[in-house]
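S.K.: Sharing a structure, written as structure tokens. Questions coming.
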Ligand SMILES: O=C(O)CCC(=O)C(=O)O
């Protein structure tokens, strides 16, 4: 893994005038991420930053912003597009600058630089709403769904609510990111939604760990880490904003005609890369 270099374009954000270097992960944190494939940053957001994110998400969910409704996804079987059944908000940073700014949060971006190297681009993001009654997400790795090489991206999953086992926290299999891309061909019905999952026999489920966090904390996970989230059996939302970072040295492996323009967040671009 790389240390933060002095060559960072986005070393400062609107919210701070401090250099990104001061938010560097410790060598113990980097080692934990390399060994386990994930890491938790307690209280990554200040109460004010969390409150702004919370308010903004509520406004989108209530249709009070210009966010395109086509990118709001509802729980399977939900008969109308009511906020109580809102499951996910897709492509937030493509449609709303608020989320590009969030991706440049100094603690999150410094962590991405520490784990990926000095040149970092924003791959995308998704906001998992997990309303009361929200269904589970089965075990998967992210990279097999992303047309990006190397399969070594970092997701910063920021808890907007307190996250517990009861309201559907994420679960991970520590160290599973070292196994490379696994077969995701098993079809699995969750409610009336069909997911593809990694077969149980291919995983050591005795090792799984819950990621329980307070609102404003953040888990970082490697894009090959096996993870899932439980059903929400509580009466409150379990919202998490997942921002996906990649090195600017990544290559696009999809249809060349469909390669998106990815935003550079730190460092520099590289010829022939994303
Ligand atoms: O938040 C969830 O329920 C699932 C999260 C997830 O799969 C991810 O961040 O990649």
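S.K.: Among the residues of segment 119-145, count how many are more than 10 Å from the ligand (Cβ to nearest atom), at negative phi, surrounded by fewer than 19 Cβ atoms within 10 Å (Cβ to Cβ) and part of a loop (DSSP other than H, G, I, E, B).
M.R.: Residues that pass the stated criteria total 1.
S.K.: Can you tell me how many residues in segment 223-241 are within 11 Å of the ligand (Cβ to nearest atom) and either in contact with a helix residue (DSSP H, G or I) (Cβ under 8 Å, 6 or more places away or on another chain) or assigned to a loop (DSSP other than H, G, I, E, B) (or both)? Before the answer, list the steps.
M.R.: Restricting attention to segment 223-241, the residues satisfying the condition of being within 11 Å of the ligand (Cβ to nearest atom) are 223, 225-232, 238-241.
Those left that are additionally either in contact with a helix residue (DSSP H, G or I) (Cβ under 8 Å, 6 or more places away or on another chain) or assigned to a loop (DSSP other than H, G, I, E, B) (or both): 223, 225-226, 230-232, 238-239, 241.
So the count comes out to 9.
S.K.: Same structure again: Can we say residue 94 is more than 19 Å from residue 274 (Cβ to Cβ) and either touching a strand residue (DSSP E or B) at 6+ places or on another chain (Cβ under 7 Å) or modelled with pLDDT of 95 or more (or both)? Walk me through it before giving the result.
M.R.: Numbers: more than 19 Å from residue 274 (Cβ to Cβ): no; either touching a strand residue (DSSP E or B) at 6+ places or on another chain (Cβ under 7 Å) or modelled with pLDDT of 95 or more (or both): yes.
So residue 94 does not fit the description; no.
S.K.: I need the strands (runs of 3 or more DSSP E) fully contained in segment 153-194, keeping only those with at least 2 residues that are over 21 Å from the mean Cα position of the chain (by Cα) and either surrounded by fewer than 23 Cβ atoms within 10 Å (Cβ to Cβ) or away from the ligand (no atom under 13 Å from the Cβ) (or both).
M.R.: Hits in segment 153-194: 186-190.
S.K.: Looking at 253, 247, 206, which one is more than 14 Å from the ligand (Cβ to nearest atom), loosely packed, with under 14 Cβ neighbours inside 10 Å and in contact (Cβ under 8 Å) with a residue 12 or more places away in the chain? Show your work before the answer.
M.R.: Numbers: 247 fails: loosely packed, with under 14 Cβ neighbours inside 10 Å; 206 fails: in contact (Cβ under 8 Å) with a residue 12 or more places away in the chain.
Checking each option against the conditions leaves just 253.
S.K.: Return the residues of segment 48-62 that are within 16 Å of residue 131 (Cβ to Cβ) and either outside any loop (DSSP other than H, G, I, E, B) or in contact with a strand residue (DSSP E or B) (Cβ under 9 Å, 6 or more places away or on another chain) (or both); say none if nothing qualifies. Explain how you work it out, then say what you get.
M.R.: The first filter runs over segment 48-62 and keeps only residues within 16 Å of residue 131 (Cβ to Cβ), leaving 54, 57-58, 60-62.
Passing the criteria: 54, 57, 58, 60, 61.
S.K.: If you check every pair at least six apart or on different chains, which have Cβ atoms under 6 Å apart with a residue in segment 216-240 that is touching a residue at least 24 places away in the same chain (Cβ under 8 Å) first and a residue that is within 8 Å of the ligand (Cβ to nearest atom) and outside any loop (DSSP other than H, G, I, E, B) second?
M.R.: 219/157; 221/155; 227/170; 228/137; 229/137; 229/170; 240/128; 240/157
S.K.: Is it fair to say residue 39 is in a strand (DSSP E or B) and in contact with a helix residue (DSSP H, G or I) (Cβ under 7 Å, 6 or more places away or on another chain)? Write out each step before concluding.
M.R.: Details: in a strand (DSSP E or B): yes; in contact with a helix residue (DSSP H, G or I) (Cβ under 7 Å, 6 or more places away or on another chain): yes.
The answer is yes for residue 39.
S.K.: Among the residues in segment 66-73, are any within 14 Å of the ligand (Cβ to nearest atom) and crowded, with 21+ Cβ neighbours inside 10 Å?
M.R.: no
The values are calculated or read from the model by the stated rules, or taken from the named source; none is laboratory data. This is a predicted model, so every value here is computed, not measured. Neighbour counts are summed over all protein chains in view; Cβ atoms, including those assigned to glycine, are modelled from backbone coordinates with ideal geometry.
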